[in-house]
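The block underneath contains the structure these notes are about, expressed in structure tokens.
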Amino acid sequence: MTTMKAWTITGPAPHTLDDLKFTEVPEPTPQDDEVKVYVRAVGLNPADYKVIESSDTTDPRVVGMDCAGEIVTVGANVTDWSVGDRVMYHGDLRRAGSLAEFTVTTSLSLAPIPSNVSFEQAAASLCGTLTAYQALYRKANLSELPTVLIHAGGGAVGLAALQFAHDLHLKTIATTSARKRPLVERVGADVIIDYHETDVTTAVLQATNGLGVGLSLNTIGGDELTADTDRMAYNGQIIAIGDGMPAHLNLDDKALGLTRSALGGVYRSNNPQEIADLGFMAGIVGQKLATGEFDPVIDRVLAFDDAAEGLKLLQRGDNLGKLVVRIA
């Protein structure tokens, strides 16, 4: 049996990141509709440590979600990809993860990495970036007032959403902390609100002449979703990204729309068209990386054996931009 190095979690939940082990596990073997990837870089995401905390498994489970690497084996039914292809993909949380020397995934969600794009850039441009892309290009109704409120503009989703909003010629209002303001300024926003210093609702209404925004991308959830109803224009739309739906929202007074956006459910849907759309969206992002139209805003690149420390850094919120682990 051939083994490989990987970061794993074992045992009953709950876990902490201190429970992660850097160990040897068997190399995976692809099924007929799958490919085996030699992992070169992995982007770290909050979803990674949330999965680790809740994992309940008797066997070592390889963790990690986003992946950039090279195909080393293709399944018998795979015709669109070849050994040696450089690929990127957002992974299925039900599978063994990507923080390993090798991993296996369905061929449906793969996207090519352009020759002038590094594995690190590709790995940094998946979970948060595709979430923002899905929200703006798949979910948003852009027929109303062309102003978008982007919560947590200095986070991975926010930074990507700001860049896509520029492409769509939308006026952007971003909330952020003073610490992450330089990141927002780096990618650009028409109005920046420090939510520690300024009342967000007042600032949004001032920036829109009292009318409110036509669209809100809300990654905070909970009370901030409720508060958004006062920040919206009539016929506006709130896109809720992530957890924390309040029990009641007054959507009627302004005829507001509320839409949920989440990548995680795509794989659970078992809908091949939706799963393939992950690859399609990643392919567009790859082209934007190649032309310099998209900045993944990488904070730092970590060594493979420092992945657990990188996740702790992310969990504490001490990063300024994406954290990427270089595997090989």
Carbon and sulfur atoms: what percent of the 1.4 Å accessible area of region 1-136 do they account for? 48 percent
Full extension between Asp305 and Ala178 adds, at 0.36 nm per residue less the Cα distance, a length in nm of 42.5 nm
The size of the Cβ-based charge dipole (Lys, Arg +1; Asp, Glu -1) of region 46-192 about the Cα centre, to the nearest 20 debye, is 480 debye
Leaving out ligands and nucleic acids, and using a 1.4 Å probe, what accessible area per residue does region 1-119 come to in Å²? 44 Å²
Computed, not fitted: 222 nm per-residue ellipticity of the chain from DSSP H runs ≥ 4 (each -39500 (n - 2.57)), nearest 500, equal to -7500 deg cm²/dmol
Row for region 155-279, column shape: gyration tensor on C-alpha, a ≥ b ≥ c, rounded if a/c < 1.5 i.e. under 1.5, prolate if a/b over b/c, else oblate; value oblate
Among the DSSP beta bridges whose two residues both lie in the chain, what percent are antiparallel, rounded to the nearest 5? 55 percent
Past the 20 angstrom mark, what percentage of all C-alpha to C-alpha distances in region 60-182 do you count? 54 percent
Need the full-extension length gain, Thr10 to Ser54, defined as separation in residues times 0.36 nm minus the C-alpha distance. One decimal, nm. 14.8 nm
Sorting Met1, Met245 on solvent-accessible surface, 1.4 Å probe, most exposed first, gives Met1, Met245
At a threshold of 8 angstrom on Cα-Cα distance, excluding pairs fewer than six apart, so keeping six or more, what relative contact order does the chain reach in percent? 19 percent
Any idea how many Lys pairs in the chain come in under 21 angstrom at the alpha carbon, given 8 or more places apart or on separate chains? 17
Size of charge dipole - region 1-88 - debye, nearest 20, with Cβ of Lys, Arg +1 and Asp, Glu -1, no other charges: 240 debye
So the compactness index of region 201-265, its C-alpha Rg divided by 2.2 N^0.38 Å, takes the value 1.07
At a 1.4 Å probe radius, carbon and sulfur cover how many percent of the accessible area of region 230-328? 47 percent
Ranking Leu263, Gly214, Ala247 by how far each Cα lies towards the positive end of the charge dipole of region 211-279 (+1 on Lys and Arg Cβ, -1 on Asp and Glu Cβ), the top one is Leu263
Compare Asp32, Asp56 by solvent-accessible area with a 1.4 Å probe and give them largest first, with all protein chains kept in place. Asp56, Asp32
Over region 182-267, average the accessible area per residue using a 1.4 Å probe and give it in Å², no decimals. 48 Å²
Given 37 °C, 0.692 mPa s and a Kirkwood radius over Cα pairs, the Stokes-Einstein diffusion coefficient of region 211-328 in µm²/s is 188 µm²/s
Taking the dipole about the Cα centre of region 1-95, with the C-beta of Lys and Arg at +1 and of Asp and Glu at -1, give me whichever of Met65, Thr10, Ala41 is farthest to the positive side. Ala41
Accessible area of region 276-328 divided out per residue, in Å², using a probe of 1.4 angstrom: 40 Å²
Residue separation between His169 and Asn141 times 0.36 nm, minus their alpha-carbon distance, gives in nm 8.7 nm
Taking only C-alpha pairs under 8 Å that are 6+ residues apart, what is the relative contact order of region 172-328 in percent? 14 percent
Over all directions, average the projected area of the Cα convex hull of region 268-328 and note it in nm². 6.0 nm²
What accessible area, in Å² to the nearest ten, does a 1.4 Å probe give for Lys139? 80 Å²
Length-normalised contact order of region 134-218, Cα under 8 Å, at least 6 apart, in percent, tallies to 36 percent
Any idea what the dipole of region 150-190 comes to, in debye rounded to 20, about its Cα centre with Lys/Arg Cβ at +1 and Asp/Glu Cβ at -1? 200 debye
Given the peptides 37-46, 147-156, 285-294, 248-257, arrange them by the average over their residues of other C-beta atoms within 10 Å, most packed first. 147-156, 37-46, 285-294, 248-257
Go through Arg61, Arg186 and list them by solvent-accessible area, largest first, probe radius 1.4 Å. Arg186, Arg61
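The values are calculated or read from the model by the stated rules, or taken from the named source; none is laboratory data. Bear in mind the structure is a predicted one, so any value in this text is a computation, not a measurement. Glycine gets a Cβ as well: all are built from the backbone with ideal geometry, and neighbour counts include every protein chain shown. Side chains included, ligands, DNA and RNA excluded: accessible areas come from the protein's heavy atoms. Shrake-Rupley method; radii C 1.70, N 1.55, O 1.52, S 1.80 Å.
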